[in-house]
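Reviewing the structure listed below.
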Amino acid sequence: MMVMAIDTTAEDRSTTTTSSLQPEGGLSLRARLVLFVLCAAQFAVALDFSILNIALPSLGQSLHLSQADLQWGMTAFALPSGGFLLLFGRVADAVGRKRVFLGGLTLFTAASVLATLAWSPESFLAGRALQGLGAAAIVPAGMALLTTTFREGPQRDRALGIMGSLMAVGFTCGMVLGGVLTQLLTWRSTMGLNVVMGAAVLLAAPRLLPESRNAVRPRMDIPGAITVTGGLLSLIYALSTAAQKGFGDTSVLVTLVTAAVLLTAFFVIEARTAEPLISLRILRRPTVAFGNLGGLATISTMTAAVFLGTLYLQQVNRLSPVLTGLVFGALGVSCALTGTLAPRWVARVGSAKVLAGGLLLQAALTFGLLAIGAGTGGTWLFLVVISLAGIGHMAAMVAYNVTATSGLPDDEQGQATGLTTTTQQVGVTVGIPLLAAVASTRADVLSGVKLGLAVDAVAVAVLALTVAVGLGTAARRR
């Protein structure tokens, strides 16, 4: 039965008791509007991450950004958005999830204005970095608002399914809109769209969203925050630049070692801290550990497959940016449809089985992509197979969010959703440079793409089996 969460603090009690339930336990109008606002913000973040992909060459010419430096258009966003997620998830628990969500959304919208009006490479990259910082607050605070607003069960599963599908659709829509807007207008329109979306959500969110925070404010784990943020920043930087410089480059190796040292120090600190940023007790829960592993598997491998597919469509089959975007639009449609069905599958057979099954389906269909070749037939084969693979991917996305946040009290939801959103960001970052490096070992593009897809398929299959065994073993022990 769906209810709006009741905050225990007097300050915001009025905002959380005004909702009314629909008959038969359905969603009230207010609950639907809350879900719409949260999903719109997450959609904007996902759209922003991908919309610039196809616009980068045009942007580089306009701002005189060199070919080697174009990847900073993506990296400048990815660094803060991934590095600060856990910290902002914990801050949201302490000072209020609505407050952090609105602060992040305000920063994201203002930064989009800067990126739209950018007059130099430095001003544009500053705007992208501030967008990423805003996203680092929006995503965990928004997810925690969702999981504390909607009780665990079918309604939360449905809400997570809608949000997950919209994030996947946002990513693919970004590629479609990036090509269309850049070709019809200019690259600036891709950033201007974020201003419009952010402003629209800001108008609705303050009145609609309930406040939610822990009843007892936790003390901030400063050493843990410093080490995990530094570790994630180092990891994301290394992985984002490895495709251009290679994993043997000194700067990449140094940052990878730095990431390993800082993240190891983080876990040591968390084991000894009374109020850790992330409780190791949560990390020991099989649903949290294997749920996030499944999320990392499906996100990293699917984003890498999309990247390799972009190379195949544009460099082998010579498709225009608009047509390339439309091919991936079919993937977005399959993800959207699956997002509405996956919560029913979770309710029927359980999130663990849907997670493992979705990963295995994604792996099997990624193997099917090895049959692509040059020409129109290959393009159509790619469109059909990648769209079907999206069914497995989206089912795994919904199931991983349900699995990794289930069975936890509200005062731990900020930590849990901070982990899931960190998994998403690291997943988006880790797959592309790794498989781009694999593909670059072949002389011609087509054979390189096929090698990358083969490694992609093997990786997701192995991880699927690991998740299935881990969650199955845990279930038998209960």
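The values are calculated or read from the model by the stated rules, or taken from the named source; none is laboratory data. Given the structure is predicted, the values throughout are model-derived calculations rather than measurements. Cβ coordinates were reconstructed from backbone atoms using ideal geometry, including for glycine residues, and neighbour counts include every protein chain displayed.
Details
- Considered as a group, the residues in the range 209-231 that are at pLDDT below 80 and hydrophobic (A, V, I, L, M, F, W, C) include one that is farthest from VAL261 (Cα to Cα), and that residue is ALA215.
- Any chance ALA137 is surrounded by fewer than 24 Cβ atoms within 10 Å (Cβ to Cβ), out of contact with any strand residue (DSSP E or B) (no Cβ under 7 Å at 6 or more places or on another chain) and part of a helix (DSSP H, G or I): no
- Qualifying position, being touching a residue at least 60 places away in the same chain (Cβ under 8 Å) and touching a Leu at 6+ places or on another chain (Cβ under 9 Å), among THR441, THR423: THR423
- Among residues of the range 330-345 that are farther than 19 Å from ALA356 by Cβ, those with a Cβ under 7 angstrom from a residue that is hydroxyl-bearing (Ser, Thr, Tyr), sequence gap 6+ or separate chain, pair up as ALA330/SER387; LEU331/THR172; LEU331/SER387; GLY332/THR172; SER334/SER387; ALA336/SER165; THR340/SER165.
- Residue match in the range 104-113 (condition: among the hydrophobic types (A, V, I, L, M, F, W, C), touching a Lys or Arg at 6+ places or on another chain (Cβ under 9 Å) and modelled with pLDDT of 75 or more): yes
- Complete set of residues in the range 300-327 that are at pLDDT 85 or above, farther than 16 Å from TRP380 by Cα and of a type in the set (S, T, N, Q): SER300, THR301
- Every condition in (1) touching a Leu at 6+ places or on another chain (Cβ under 6 Å); (2) not in a helix (DSSP H, G or I) is met by ALA297 except one, and the failing one is (2).
- Failed item, numbered, when ARG151 is tested on (1) within 25 Å of GLY358 (Cβ to Cβ); (2) at pLDDT 75 or above; (3) more than 21 Å from the chain's Cα centre (by Cα): (2)
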